[in-house]
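These notes concern the structure reproduced below.
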Amino acid sequence: MKDFKIGLLVTALKSIAHLTSDFKQKAEDKVKNFIIKNITEYGKIIYPGLVMDANDAIRAEQEFLAGDVDIVLIVEIGYTTSDVPFMATQNINKPKVILNTSSRRIFDSNFSMLDLALEQNVLGSVEFASVLHRTNSGQFYTVSGLIDNDGTYEKVGQYLTAAKLVKELKNSNIGFIGSTVYPGMLDIVVDEVAVKDKFGINVLNLDIQEIADIFNGIKIDEIEEEKEKIINNYNNITTNKNDEYFNKSLKMVVCYKKIIRKYNLISVANYCQSTMCNCQIGVPPCMAGSICTSEGVPFSCEGDVGTAIGLFIMKKLAGNSGFTEFWMSDYEKNALLIGHCGMGNLNFASDKKAVKIHPHPSFEETEFKGTTFEFSYKEGTGTLLNISMKKNCEWRMVICSGEIGSYNKIGIGVPYAWWKVNTDIDVFVERFCSTGASHHMALAYGELKEILIKIGLMLDLKIYEVD
């Protein structure tokens, strides 16, 4: 995100710094060689120079406000009374990160009272944190670590990444196809005004007639172009390549891609029956949702807006995400079977050559025929994320860490995986239910818990961890 701006506030009390003639130069060298060097990849840095008194603080705040910074990183390079960083940030209603840092690993017999007076980094960080707690200064977080340690900047980087992602959510568009959730699924019902209020996201109710018009306006050569890509990538096609329903499923792929481009959608909450049962469309959208998800715009099913948000977050963090839910427990594997009715991310397939394209097993005997993919997910460390709304417009984030396993193949005809838990399977289910999470989740590979917690904190969500 090119326009993400980081305000860097580095302070040291002038009366202390003057105790040694080279303090300012050494401080600026540390800022350049360690702090700026390690955070420049996250955005544009606005650095007003070393802030050492009230006048410097006022000038720094003016620079931050003029630059419209998205976050402020506060570093006391030498002890500073709390009035200085407070004056430099009091009118900036953006997240703040206090970096408590030191260049000293140990203290030996040469350490002097002068050294103590110059550094005292913990003293200044605790003092300023206390002031922020006592005032209406917005969100703030603390990172502590050595100035030359990569781990310090990994922690700082997580907060910067979280702030950047939260900013990206604001005024982004999620498509809502169907205008309602799956009838009877009360746990995924959300208030669209509450979505805008909490995340800044626009939920766009997409008109079914417009979708039908786009669908019916698609030309044969557009379908053939999509078909050629599928055939070139996946050779295990059990349906006739000229089958009417295979072509209709590919037509749905082209249709949804056009909708995504037209409305600049970051993800889509799709109530499938609204298009599937439409007399002008009449095809399950699972193949279309799977392909769009695999190409970077994730789809949730059954009109689940909360999980559509979660899918976008996970995609931004891990590169790919997929829609899923818990199905059944396997006590021998200590794992739960997970998946959804025809929806999956093709980038998760354990073996690209084994991906099957065949008639949708859920609708093969109905008038709503179409094709979908079948594959098992590759093994690896994974994270599940649930975002859902509860009473009084309270939002919660539920995070699960575990292992994705392929194990034995089963012939259910749709994408699936095994979710191996880190504890007793019944304990896991009991803990998950106790969080109040809804039944859909966003899945991604990698251990994403720590960065998700920081995103949840910045969004002021109630956070639960279930391992």
* Any chance segment 203-221 includes a residue that's under 27 Å from MET397 (Cα atoms) and either charged (D, E, K, R) or surrounded by fewer than 17 Cβ atoms within 10 Å (Cβ to Cβ) (or both)? -> yes
* Any residue in segment 360-368 that is touching a residue at least 40 places away in the same chain (Cβ under 8 Å), of a type in the set (Asp, Glu) and surrounded by 15 or more Cβ atoms within 10 Å (Cβ to Cβ)? -> no
* Asked: Any idea which residue in segment 59-81 is surrounded by the fewest Cβ atoms within 10 Å (Cβ to Cβ), counting only those that are more than 22 Å from LYS24 (Cα to Cα) and among the charged types (D, E, K, R)?
  -> ASP68
* Structure fact -> Taking segment 369-381 and keeping residues crowded, with 17+ Cβ neighbours inside 10 Å and not in a loop (DSSP other than H, G, I, E, B) leaves THR371, THR372, PHE373, GLU374, SER376, TYR377
* Please work out if MET252 is crowded, with 21+ Cβ neighbours inside 10 Å, part of a loop (DSSP other than H, G, I, E, B) and either not β-branched (Val, Ile, Thr) or not assigned by TED's automatic domain parsing to the domain that holds SER438 (or both). => no
* Here are some residues: LEU9, LEU19. Which one is in contact with a Leu (Cβ under 8 Å, 6 or more places away or on another chain) and part of a loop (DSSP other than H, G, I, E, B)? -> LEU19
* Do we find a residue being within 30 Å of ILE36 (Cα to Cα) and aliphatic (A, V, I, L, M) anywhere in segment 218-225? -> no
* Asked: Quick one: which of VAL190, VAL195 is at pLDDT below 95 and hydrophobic (A, V, I, L, M, F, W, C)?
  -> VAL190
* Take the residues of segment 171-195 that are among the acidic types (Asp, Glu) and surrounded by 14 or more Cβ atoms within 10 Å (Cβ to Cβ): which is farthest from HIS439 (Cα to Cα)? -> GLU192
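Yes/no matrix, rows are residues, columns are (1) touching a Leu at 6+ places or on another chain (Cβ under 6 Å); (2) more than 18 Å from ASP29 (Cα to Cα); (3) not assigned by TED's automatic domain parsing to the domain that holds SER21:
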residue: PHE107; (1), (2), (3): no, yes, no
residue: LEU118; (1), (2), (3): no, no, no
residue: VAL122; (1), (2), (3): no, yes, no
residue: PHE128; (1), (2), (3): no, yes, no
residue: ASN136; (1), (2), (3): no, yes, no
residue: PHE140; (1), (2), (3): yes, yes, no
residue: VAL143; (1), (2), (3): yes, yes, no
* Structure fact -> Filtering segment 256-285 down to residues that are at pLDDT below 95 and part of a helix (DSSP H, G or I) yields GLN273, SER274, THR275, MET276
* **Single condition ILE39 does not satisfy, out of (1) part of a helix (DSSP H, G or I); (2) over 25 Å from the mean Cα position of the chain (by Cα)** => (2)
* Structure fact -> Among helices (runs of 4 or more DSSP H) completely within segment 143-230, the ones holding 1 or more residues that are under 28 Å from the mean Cα position of the chain (by Cα) and over 29 Å from LYS356 (Cβ atoms) are 150-169, 192-199
* strands (runs of 3 or more DSSP E) contained in segment 286-341 and holding at least 1 residues more than 23 Å from LEU461 (Cβ to Cβ), touching a strand residue (DSSP E or B) at 6+ places or on another chain (Cβ under 8 Å) and modelled with pLDDT of 95 or more -> 322-330, 335-339
* Structure fact -> Within segment 299-344, the residues that are free of Cβ contacts under 8 Å to residues at least 60 places away in the same chain and either surrounded by 24 or more Cβ atoms within 10 Å (Cβ to Cβ) or outside the structural domain of TRP419 (by TED's automatic domain parsing) (or both) are PHE299
* What are the residues in segment 6-58 that are surrounded by fewer than 17 Cβ atoms within 10 Å (Cβ to Cβ), within 25 Å of TYR159 (Cβ to Cβ) and touching a helix residue (DSSP H, G or I) at 6+ places or on another chain (Cβ under 7 Å), if any? -> ILE45
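The values are calculated or read from the model by the stated rules, or taken from the named source; none is laboratory data. Just so it is clear, the structure is predicted and the values come from calculations on it, not from any experiment. A quick note on method: Cβ atoms are made from the backbone with ideal geometry, for glycine too, and the neighbour counts reach across all protein chains shown.
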